[in-house]
Amino acid sequence: MQIRTPSFFLLMMLDISSIAARALTTRWFVRSPVALYRVGLGSILGRRLLMLEHRGRRSGQPRYVCLEVVERPATDRLVVVSGFGTKAQWYQNLQSNQDCFVSVGRLRRASAVARFMSAAESSAALAPYAQTHPAAWNRLKSAIERTVGHQISELPMVELTLSPR
């Protein structure tokens, strides 16, 4: 006796963007890189993922989030995208206080200042990322668009300028 699985079920199982979208909304999964950085193992995540330490806009307490580096226009500048738009807590916190700290690669807790990029600057920064990392771009694009519900090109971006030591 042969059991046949409906093809739509197989497609659902293979739909990577829905899995990625679910992962992006699973708190323990999204927060796990923060734990690695906090115990000093963040460098194993490479230079494409950074930990941003910022202050809560109401509490003033330190808050942490890990974000993918979209672009490095200079050695002292990193660009990140807010995958959840302007509603992301870290984005709103930076709007209240642009001073923050960045850990990336071997760099730990470097002082930085956030600058919110215009829509034109954001589009210009996403184009090279899509060309340099096409597979990651396709997965990220569909996962974010599925989760947020609008085009990734409309997402706000932030440039982090590291302070000289």
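Per-structure values
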item: Pairs where the first residue, in segment 87-99, is assigned to a strand (DSSP E or B) and the second is open to solvent by 50 Å² or more (accessible area, probe 1.4 Å) and among the aliphatic types (A, V, I, L, M), C-beta under 8 Å, 6+ apart; result: D99/V113
item: Test: residue in segment 93-110 that is farther than 19 Å from Y64 by Cα and open to solvent by less than 60 Å² (accessible area, probe 1.4 Å); result: no
item: Inter-residue pairs, beta-carbon under 7 Å, first under 15 Å from L155 (Cβ atoms) and without any contact (Cβ under 8 Å) to a residue 40 or more places away in the chain and in segment 106-128, second in a helix (DSSP H, G or I) and small (G, A, S), 6+ apart; result: S123/S153
item: Selected residue [of a type in the set (K, R), over 12 Å from E159 (Cβ atoms) and in contact with a strand residue (DSSP E or B) (Cβ under 9 Å, 6 or more places away or on another chain)] from R48, R58; result: R48
item: Pick from segment 136-165, criterion among the hydroxyl-bearing types (S, T, Y) and under 22 Å from M51 (Cβ atoms), ranking: modelled with the highest pLDDT; result: T161
item: Residues (under 19 Å from P73 (Cα atoms), assigned to a helix (DSSP H, G or I) and under 15 Å from the mean Cα position of the chain (by Cα)) located in segment 129-144; result: Y129, A130, W137
item: Options V70, V79, V158, V113; residue that is loosely packed, with under 15 Cβ neighbours inside 10 Å, assigned to a strand (DSSP E or B) and either of a type in the set (A, V, I, L, M, F, W, C) or touching a Ser or Thr at 6+ places or on another chain (Cβ under 9 Å) (or both); result: V113
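The values are calculated or read from the model by the stated rules, or taken from the named source; none is laboratory data. As the structure is a computational prediction, the values presented were derived from the model and not from experiment. Cβ coordinates were reconstructed from backbone atoms using ideal geometry, including for glycine residues, and neighbour counts include every protein chain displayed. Areas reflect the complete protein model, heavy atoms only, side chains present, ligands, DNA and RNA absent. Shrake-Rupley method; radii C 1.70, N 1.55, O 1.52, S 1.80 Å.
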